[in-house]
Structure formats: C-alpha cells, structure tokens
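Here the structure is laid out as structure tokens; the discussion comes afterwards.
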Amino acid sequence: MRFGRDEDATCLQLDNILAKSNDELAKMAAIYIVDVDTVDMYKRYFDITLIPATIFFFNGEHIKVDYGTQDHTKFIGSFKTKQDFIDLVEVIYRGAMKGKVMVTSPIDQANIPKYELLYKDI
C-alpha cells in the first residue's frame, strides 16, 4: 500500500514505478494507492508523517523490512528504479511464504532515501 498525495511530485514518481511494475508482480502482489488525508486512523496507526510511505502486507499481516534505516515498518520516499521495487516485492513474497514477518531489503543502500526519525512526547 502506498500512502501519499496525488499532487506530490515524489508520490507521482513512485506511482509511475508501481504502475509499470503491476503486470510483472500480479501473481505476487496487489498494489493499492491510498490518499493519506482520507485515512486518519491508519495514518496515526502506521505513524505516517513522511510521504510517500509504502507498507507491505502478506495475507493481512504487516511485513517489516530491514532497509538499513531506523524504521522497518515502511519504505519512505520513492524507489529509484522499477527493478528495485520488483526485487523488494520478490524478497518479501519469498520470505512471507516461509512464515517470516521481517526480511532484509535487497536494495542497494545508495538507492534508499535517508532521513532521521524524531520522537515527540516520549
């Protein structure tokens, strides 16, 4: 699920990659585009403060991914290439089929957006 806004340039870049990947991944994944402003409950639940945020599920279970960042619950930003996204979905699918709830990202660290998490009121 991609959480973002239709008018955001980075979301549009990501949507383009998702659309191009859809046919190749049809047997492994369903891709959904969600407007972050229409789902306040999920925005709070998944702590979506940066967009776009891509969250992966398998049979209704949230699959976490170690991207080498502080947050394993979601991918923040756009994928650099269509192949990065396809490779990630394949790793998630294979891991989930084996019962894993967390997998390691195959994406090159240079292609993963960098950001810092700031915690408020903890």
- Item | About the Cα centre, charge dipole magnitude for segment 17-56 (Lys/Arg +1, Asp/Glu -1 at Cβ), debye | 100
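I'd like the carbon and sulfur percentage of the solvent accessible area for the chain, probe radius 1.4 Å, heavy atoms only, ligands and nucleic acids excluded.
Working: 3850 of 7510 Å².
Within the chain, the accessible surface is 51 percent carbon and sulfur.
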- Query: How big is the charge dipole of segment 5-122 about its Cα centre, in debye rounded to the nearest 20, if each Lys and Arg gets +1 on its Cβ and each Asp and Glu gets -1 on its Cβ?
  - Reply: 400
- Item | Distance cut-off 22 Å, percentage of C-alpha pairs in segment 1-92 lying past it | 21
- Mind checking the per residue accessible area of the chain for me, 1.4 Å probe, whole number of Å²? 62
- Query: Taking Cα pairs under 8 Å and at least six residues apart, what relative contact order does the chain come out at, in percent?
  - Reply: 28
- Can you pull the one-decimal nm distance between simple spin-label points at Met1 and Lys80, each 7 Å off the Cα toward Cβ? 2.9
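The values are calculated or read from the model by the stated rules, or taken from the named source; none is laboratory data. For clarity, every value in this text was computed on a predicted model and none was experimentally measured. Virtual Cβ from ideal backbone geometry, glycine too; neighbours counted across all protein chains shown. Protein only, heavy atoms only, side chains kept; ligands, DNA and RNA dropped before computing areas. Shrake-Rupley method; radii C 1.70, N 1.55, O 1.52, S 1.80 Å.
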